[in-house]
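Asks: Handing you a structure now.
The values are calculated or read from the model by the stated rules, or taken from the named source; none is laboratory data. Treat the numbers as computed from the prediction; the structure is a model and nothing was measured. Every residue, glycine among them, receives a Cβ derived from its backbone with ideal geometry; neighbour counts consider all protein chains shown.
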Amino acid sequence: MAKPTKPLPPAATGAVDLSLLTPEDLAAIEQQAEESVAAEAKAAAKAHALDEAKKKARRKRDPKQEMVNITIDVAEYSDRITLDGTIYMHGHIYTVPRQRAAVLQDIMFRTWGHQAEIDGKKKDYYRKAKNVVLSPTSA
């Protein structure tokens, strides 16, 4: 291969000569970069706020997406529930959509059922005898 006879320009080699810029130019470029980064951060914050506002508006329209508080109460062999990568710790109160609360309640119920089975309790531990009282209004 033949070697070039004259040197390549700095832009072709990837080197940039910053000595061509004055300190005022560099200060102006840094200021422009700061403003650009601030504008990007503001745009990201606006997009996030818009997404949250849309979720809130959807929850108002759809009762299934209503947010409810739920206290995690699992059996003694467990200390948490992991659902879709989210950890719900025993004894903590979480605000979740109603559908997720139903799933969490089912999981909690099943942990207690498993604990009852391990302890050798009756299989129908959740079906307790009801105290039935006959009255004129119940006839």
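Asks: Search the stretch 64-85 for residues that are closer than 15 Å to V103 by Cβ and not assigned by TED's automatic domain parsing to the domain that holds G113 and pair each with any residue that is in a loop (DSSP other than H, G, I, E, B) and modelled with pLDDT of 90 or more when their beta-carbon atoms are under 8 Å apart and the residues are at least 6 apart or on different chains.
Replies: Final answer for the pair search is none.
Asks: Criterion first (over 30 Å from T111 (Cα atoms), of a type in the set (S, T, N, Q) and either in contact with a strand residue (DSSP E or B) (Cβ under 8 Å, 6 or more places away or on another chain) or surrounded by fewer than 10 Cβ atoms within 10 Å (Cβ to Cβ) (or both)) does T22 satisfy it? Walk me through how you get there before you give the answer.
Replies: Working: over 30 Å from T111 (Cα atoms): yes; of a type in the set (S, T, N, Q): yes; either in contact with a strand residue (DSSP E or B) (Cβ under 8 Å, 6 or more places away or on another chain) or surrounded by fewer than 10 Cβ atoms within 10 Å (Cβ to Cβ) (or both): yes.
Answer is yes for this residue.
Asks: Inspect the stretch 91-114 for any residue being part of a loop (DSSP other than H, G, I, E, B) and in contact with a strand residue (DSSP E or B) (Cβ under 8 Å, 6 or more places away or on another chain) and give the result as yes or no.
Replies: yes
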